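Colleague: One structure is given below, represented as structure tokens, and several questions about it will come after.
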Amino acid sequence: MPSQTDIAEALGLTRQRVSILVKKGMPIDSVEAATAWRQAQEDARLRKAPIAPAQLDDGSLADTILEHRSLVTRARGVWLGAMDAGDPNQGKYQSAYNSSLRSLISLEEEQERRLILAKDYISSREAGEAMRELAATMVNRLDKLALDAAEGCNPENPAKAVKVLEAWVRRVKAELSQDEEA
């Protein structure tokens, strides 16, 4: 039968790590048995691992989020119960709750990212530029309003209409400037 040091060397682990694994149930009667046990542990861990968001379609992502919300609630309940009971493992329960909450937040962020990508959207920088261009176009149109509309407003005295329309444009610009400052 090999020693724990022999198994540690064969598996590329430290002797201390092998001791920990032996306490968790790893056999040490042979290197092959130890290797098989570690592989079985890894396979079980992978089966229990949450599905990576990239592997989820939008429907199963929403289902996973709903399931995870209930898991977070349960983990929080266990942690709070352990705190109330003075359980010495309450730190572990808090860590499990925190980890589960981080996973939920990550899943929700992935869902939000997908929702954004599924829609046509523009960045805030592009939206700002578009609004500035639109505002500039409107101001230019307001500036031309008096000359373009004066004759239609007062065919006998277009100059009088120009003065009235220019006053109106100044007032509108002032009101828009006040709204912008507020």
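The values are calculated or read from the model by the stated rules, or taken from the named source; none is laboratory data. Quick caveat: nothing in here was measured; it's all calculated off a predicted structure. When we count neighbours, we look across all protein chains shown, and the Cβ atoms used for this are built from the backbone with ideal geometry, even at glycine.
Colleague: Please enumerate the residues belonging to the stretch 94-128 that are part of a helix (DSSP H, G or I) and of a type in the set (D, E).
Modeller: Initial filter on the stretch 94-128 (part of a helix (DSSP H, G or I)): 94-118, 124-128.
The answer is E108, E109, E110, E112, E126.
Colleague: Here's another thing I want to ask about it. Give S124, S100 a once-over and let me know the one that is among the polar types (S, T, N, Q) and at pLDDT below 90.
Modeller: S124
Colleague: Return the pair list, or none, for Cβ contacts closer than 9 Å from residues in the stretch 80-107 that are exposed (fewer than 13 other Cβ atoms within 10 Å of the Cβ) to residues that are of a type in the set (D, E) and not in a helix (DSSP H, G or I), at least 6 apart or on different chains.
Modeller: These pairs meet every condition: G81/D87.
Colleague: Related question: Pick out the one residue from A44, A33 that is assigned to a helix (DSSP H, G or I) and surrounded by 13 or more Cβ atoms within 10 Å (Cβ to Cβ).
Modeller: A33
Colleague: Under 9 Å between Cβ atoms, which residue pairs at least 6 apart in sequence (or on different chains) link something in the stretch 1-28 that is in contact (Cβ under 8 Å) with a residue 24 or more places away in the chain with a partner that is of a type outside the set (A, V, I, L, M, F, W, C) and in a loop (DSSP other than H, G, I, E, B)?
Modeller: Short answer, once both residue conditions are applied: M1/D29; M1/S30; P2/D29; P2/S30; I7/S30; A10/P2; I28/P2; I28/S3.
Colleague: Looking at the stretch 129-167, which of its residues are loosely packed, with under 14 Cβ neighbours inside 10 Å and outside any helix (DSSP H, G or I)?
Modeller: Answer for the stretch 129-167, where residues must be loosely packed, with under 14 Cβ neighbours inside 10 Å and outside any helix (DSSP H, G or I): P155, E156, N157.
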